[in-house]
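Visitor: To start, I am sharing the structure in question, which I have written as structure tokens.
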Amino acid sequence: MDYITRYPSPVGMLTITSDGEAITGLWMDGSGEIRDDLPVLVAARNWLDRYFRGERPAPKELPLSPAGTDFQKQVWGRLLEVPYGETRSYGDIARAIGKPRACQAVGQAVGRNRIAIIIPCHRIIGADGSLTGFAGGLNMKRKLLNHEQGCDHF
């Protein structure tokens with residue numbers, strides 16, 4: 001069963017999901033059983049509080065269980081290594097996983113990340129430095145990047 005909690009963030013209402021033991025999703029919309037008292041969801045809300053205060057909580061502080069293919073999980077693992085306040089291109093990620101020609105596949109995997117912000121897909125940009133797709137919209141992506149670079153305090 002999926003459990004959810006809602007988190008009122010500076011960029012809008014977020015939904016965090018859990019299987020009861022690990023975080024399985026974080027996005028703008030969602031459905032499931034509201035469980036504000038589930039420890040793993042309390043931990044996720046506390047992590048987000050710290051993140052939006054400008055602290056730099058490590059994603060690995062939370063038990064994460066993203067559902068996906070082995071390739072997607074490999075890409076998401078690399079996203080976890082992109083430092084706070086920095087960006088990487090899809091090509092950078094493709095090269096990092098040893099598949100330099102897989103930029104488009106990397107882009108698709110990034111787009112299927114269900115644990116936004118915590119698995120920082122917002123830190124992935126185009127090769128030319130342009131902002132590219134983000135489930136929460138480019139405006140939210142810009143806000144998150146600006147927040148991490150100290151330029152925007154919601």
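Visitor: Given labels modelled 7 Å from the Cα in the Cβ direction, how far is it in nm from residue 80 to residue 139?
Guide: Taking the simple label geometry, residue 80 and residue 139 are separated by 3.3 nm.
Visitor: Just to check I understand the Karplus step: with θ = phi - 60° and J = 6.51 cos²θ - 1.76 cosθ + 1.60, what whole-Hz values come out for region 89-104, glycine and proline as x?
Guide: 8, 4, x, 4, 5, 4, 5, 5, 8, x, 10, x, 8, 9, 4, 5
Visitor: Taking GluC sites (Glu not before Pro) as candidate sites, keep only those in a DSSP loop with at most 15 other Cβ atoms within 10 Å, then name the longest stretch of the chain containing none of them.
Guide: Free of exposed loop sites, the longest segment is 87-154.
Visitor: Give me the log10 of I(q) over I(0) for the chain at q = 0.08, 0.10 Å⁻¹, as the Debye formula computes it from C-alpha points; what are the numbers?
Guide: Treating every Cα as an identical point scatterer, log10 I(q)/I(0) equals -0.21, -0.33.
Visitor: For region 14-24, take each phi angle, set θ = phi - 60°, evaluate the Karplus expression 6.51 cos²θ - 1.76 cosθ + 1.60, and give the result in whole Hz per residue in order, putting x for glycine and proline.
Guide: Values, residue by residue: 10, 10, 10, 10, 8, 8, x, 10, 9, 6, 10 Hz.
Visitor: Among 38, 26, 144, whose mean-square fluctuation peaks in a Gaussian network model of the chain (Cα, cutoff 10 Å)?
Guide: Among 38, 26, 144, the largest GNM mean-square fluctuation belongs to 38.
Visitor: What distance in nm lies between label points placed 7 Å from Cα along the C-beta direction at residue 101 and residue 130?
Guide: Going by the 7 Å Cα→Cβ label model, 2.5 nm.
Visitor: What is the angle, in °, between the Cα long axis of helix 138-148 and the longest principal axis of the Cα atoms in the chain? Nearest 10 is fine, range 0 to 90.
Guide: Once rounded, one gets 80 degrees.
Visitor: Set the Förster radius R0 to 35 Å, insert the Cβ-Cβ distance between residue 69 and residue 1 as r into 1/(1 + (r/R0)^6), and round the FRET efficiency to 0.05.
Guide: E between residue 69 and residue 1, to the nearest 0.05, is 0.90.
Each value in this text was obtained by applying a stated rule to the coordinates, not by laboratory testing. For clarity, every value in this text was computed on a predicted model and none was experimentally measured. Virtual Cβ from ideal backbone geometry, glycine too; neighbours counted across all protein chains shown.
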